[in-house]
There are 2 protein chains.
Amino acid sequence: MNEALERPYHHGNLRQALIDTASEMLRDDKGWQFTLREVARRAGVSHAAPYKHFPDKASLLSELAQRGFEQLEAETRAAISPRQRSARKAFMAAALAYVEFGIRNPSLYRLMFSAEAGDVATTHLGARAMSALGVVIELLQRGQASGEFKQRAVRGQAAACWSMVHGIVVLSIEGMLHPEKVGADPIRAALETLLEGLEAPAP
Amino acid sequence: MNEALERPYHHGNLRQALIDTASEMLRDDKGWQFTLREVARRAGVSHAAPYKHFPDKASLLSELAQRGFEQLEAETRAAISPRQRSARKAFMAAALAYVEFGIRNPSLYRLMFSAEAGDVATTHLGARAMSALGVVIELLQRGQASGEFKQRAVRGQAAACWSMVHGIVVLSIEGMLHPEKVGADPIRAALETLLEGLEAPAP
DNA sequence: ACCTGAACACCGTTCAAGT
DNA sequence: ACCTGAACACCGTTCAAGT
């Protein structure tokens, strides 16, 4: 921290330095009012310098968002890597990993779905998001193949899962899923309810 | 429209005029970059005039958000007013009304859950949101009383329902629930899945 | 009582000019 | 090749001054 004192980026990788600095701001400043000039300031360069490495502000944000999706997918995938578990357990582990990522990185998570990083649906961002969605689809296919989950259109079930975890994250970040409002451990309760909608009735 | 030509607010209700103008901007400008100066401009007053009626920008936004929650609750409630229906049908109708409100008013919906309108959880806003949540809770209690829904903690089920509809709205607004990505009518599919998690197995 | 105009401290973005 | 400083057109907010 405080790289500015060492004047480190006179030559080289300002681009990476800007990304790192911005990531830190995203992690630390809960109050999400991201400004390019402040990133430049913290990186120890003039406010015009970033424009040599990014065409505009949205471009830097988009870069951060993409990295966010990569990290989200990696963490969610890691949560289900022990393949021996049941689809139910794998589902729960993946869903909790997703939600925890969102709650641990509220500003980043908001950014990932914010229009400020570019049209999420139409740009590369959409591709990243869809790739993250792939984890869910694999999980659902596994559950259906083993007979644990109902035989339904996987894409519809995936829409349900993604909407649920996304909703949980956003409402949690906004402080609307606190126990006093909506009962103890609303996150687990919500995921349990969804899971029961996915599962096939006991034979 | 174009009220400015008639110089209508020289005397009276500039406060209301600002709210109306801002609401129109919210409805029309898909690209959500709300500025107080533009509201003043469209209302035909100087950029300093709003400060005689609202302490700051967040205050106007908060007012708009509160009205949004009122409208959302009213529309959701209206969708289930024919009391004779089954809990399943009432639930589906209410959920679809909620989701359609969000999709019809994307900027307003975003604002309602955005930190720009003040801390959603801690201010009056939170109260409005909780009041809107009341519709869901009544519905769940009805379904449990009639035996249609599983006997579970209503607050947990409510968390599931709210997270689901909220997630559906946000992902839809962001263009991530389009048929080519996630199958035909992902909204109904997602709500069906949730509903099956709520319902008691057939006796 | 209600509104305006100038002013201040910020933005994002551009561009000539510096090394 | 990479960065800076001044500049432009915007913000939100304040405040003396106008009617």
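Values quoted throughout were computed directly from the atomic coordinates according to the rules given, and no laboratory measurement underlies them. Here the structure is a predicted model, which is why all the values come from computation and not from measurement. Quick reminder, even Gly has a Cβ in these numbers, built from the backbone with ideal geometry, and neighbours come from all protein chains shown.
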Checklist line | Per-residue HN-Hα couplings for the range B:57-73 [Karplus 6.51, -1.76, 1.60; θ = phi - 60°; Hz; x = Gly/Pro] | finding: 4, 4, 5, 5, 4, 4, 4, 4, 4, 4, 4, x, 5, 4, 5, 4, 5
Item checked: Across the identical copies, how the B:K89 labels are spaced - nm, sorted shortest first, 7 Å along Cα→Cβ -> 4.4
Note to self: Taking each residue in A:148-157, count the Cβ atoms of any other chain within 10 Å of its Cβ, then average. What number comes out?
What the structure shows: 4
Next item on the list: Under 1.5 on a/c is rounded, so check that first for the range A:38-169, then, if it is not, pick prolate when a/b is larger than b/c and oblate when it is not; a ≥ b ≥ c are the square roots of the alpha carbon gyration tensor eigenvalues.
Entry: prolate
Check: Based on DSSP H runs of at least 4 residues, each adding -39500 (n - 2.57), what is the mean residue ellipticity at 222 nm of chain B after dividing by all its residues, to the nearest 500 deg cm²/dmol?
Finding: -21000 deg cm²/dmol
Checklist line | Charge dipole (debye, nearest 20) of the range A:65-198; +1 at Cβ of Lys and Arg, -1 at Cβ of Asp and Glu | finding: 440
Next item on the list: Calculate the mean, over all residues of peptide B:110-117, of how many other protein chain Cβ atoms lie within 10 angstrom of the residue's Cβ.
Entry: 3
Notebook entry, point to check: Across peptide B:194-202, how many C-beta atoms of other chains are within 10 Å of each residue C-beta, on average?
Noted result: 5
Note to self: Could you list A:H53, B:H166, B:H47 so that the one with the fewest beta carbons within 10 Å of its beta carbon is first and the one with the most is last?
What the structure shows: B:H47, A:H53, B:H166
Checklist line | ³J(HN,Hα) computed for each position of the range A:184-200 - Karplus, 6.51 cos²θ - 1.76 cosθ + 1.60, integer Hz, glycine/proline x | finding: 5, 6, x, 5, 4, 4, 5, 5, 4, 4, 4, 4, 5, x, 8, 6, 6
Checklist line | Amide proton proximity set for B:E199, modelled H, under 5 Å, gap of 5+ | finding: B:K150
Check: With axes computed from alpha carbons, what is the tilt in degrees of helix B:14-28 against the longest principal axis of chain B, rounded to the nearest 10 within 0 to 90?
Finding: 60
Next item on the list: Give me the number: length gained by fully extending A:A127 to A:H178, i.e. 0.36 nm times residue separation minus the C-alpha to C-alpha distance, one decimal in nm.
Entry: 15.1 nm
